[in-house]
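J.: Provided herewith is a single structure, encoded as structure tokens, for subsequent inquiry.
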Amino acid sequence: MTMKKMTVRDVLDMKSGAEKITMLTAYDASFARLLDQAGIDIVLVGDSLGMVALGYESTVPVTMDEMVHHARAVKHGVNQALLVGDMPFLSYQVSREDAIVNAGRFMKEAGCDAVKLEGGLEVCDTVAALVRAGIPVMGHIGLTPQTAGSLGGYKVQGKDAESARRILAEARGLADAGAFAVVLECIPDKLAGAISKSVAIPTIGIGAGVECDGQVLVTHDLLGMFEKFTPSFVKCYAKLAPQIKDAISSYRDEVKNGLYPDAAHSFTMQLDIDELLK
Ligand code: KIV
């Protein structure tokens, strides 16, 4: 079955057609190809790259150069999914010009279709400027990992009336600024449901319940590959880390014991090698 390339318009139409949107992260071409072939609608080159692939303690140190490098690799594995590049910390907060130049790098150097950025009302002017420049933007509110410190750590947001109202206002502000979708991270399911009903753009939840228009997870989490920490909202659809370690131990043992490579995995020849080398 050949499917056509997903566009921002298609993502908006999925909300009006009540079709759930699927989004997952990728940081390299091989994973991107697997997600694309499995029919995932949106591939996000998340700045979770920093923790999952680069070994950092948080997403804060991730640079634009690192993001563009990985986004370019992911692009090579994506045919159909919409490709979104995640703007790293301080790549869009310093000035609007900076934001346009950096978002433009995702489009021009990596071939992304859109960018995502974290923040509420304080980033709406930047979102509007990017959209005016022709760059589709996905918002990200609720728990925003780049500024988790100022939110009191990696905690559920919007539990009291004041912060629930603020998050709703942020979603509306982002929609008004021209964002085509918004990620809702770690907020109560009913609040996510109310936001999803009150904005025309799709909401994509992560730890935000089933009433969102779509869902996103970090791929390594759902595959059980990132053992350092698994948030409670993550469902592990596989437990690959132990399987990978078993496979690697078997390889190690077989090499150490001279069992790999065997004849089936070697290039054999009929000629007598001693004769041949005379
Ligand atoms: O960086 C990331 O992977 C993300 C998603 C989990 C939403 O922002």
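The values are calculated or read from the model by the stated rules, or taken from the named source; none is laboratory data. All values derive from a computational prediction rather than experimental measurement. Cβ: placed from backbone, ideal geometry, glycine included. Neighbour counts: every protein chain shown. Just so you know, the surface numbers come from the protein's heavy atoms only, side chains and all, with ligands and any DNA or RNA stripped out. Shrake-Rupley method; radii C 1.70, N 1.55, O 1.52, S 1.80 Å.
J.: Within region 214-237, can one find any residue that is open to solvent by 70 Å² or more (accessible area, probe 1.4 Å) and not in a loop (DSSP other than H, G, I, E, B)?
T.: yes
J.: Output the residues belonging to region 108-148 that are more than 16 Å from the ligand (Cβ to nearest atom) and either of a type in the set (G, A, S) or not assigned by TED's automatic domain parsing to the domain that holds G214 (or both).
T.: Matches in region 108-148: G111, A128, A129, A133, G134.
J.: Taking into account only those residues within region 53-76 that are in contact with a strand residue (DSSP E or B) (Cβ under 8 Å, 6 or more places away or on another chain) and open to solvent by less than 30 Å² (accessible area, probe 1.4 Å), which is nearest to the ligand (Cβ to nearest atom)?
T.: Residues of region 53-76 in contact with a strand residue (DSSP E or B) (Cβ under 8 Å, 6 or more places away or on another chain): 67-68, 70-71, 74-75.
Then drop every residue that is not open to solvent by less than 30 Å² (accessible area, probe 1.4 Å), which leaves 67-68, 71, 74.
On the way: M67: 10, V68: 15, A71: 12, V74: 12 Å.
My answer is M67.
J.: Can I ask one more? Just give me the residues in region 242-259 being in contact with a Phe, Trp or Tyr (Cβ under 8 Å, 6 or more places away or on another chain) and open to solvent by less than 100 Å² (accessible area, probe 1.4 Å), in sequence order.
T.: We begin by selecting, within region 242-259, every residue in contact with a Phe, Trp or Tyr (Cβ under 8 Å, 6 or more places away or on another chain); these are 251, 254.
Result: E254, single match.
J.: Suppose we filter R166, R105 for residues that are more than 16 Å from the ligand (Cβ to nearest atom) and over 25 Å from A71 (Cβ atoms); which single one remains?
T.: That would be R166, the only listed residue that is more than 16 Å from the ligand (Cβ to nearest atom) and over 25 Å from A71 (Cβ atoms).
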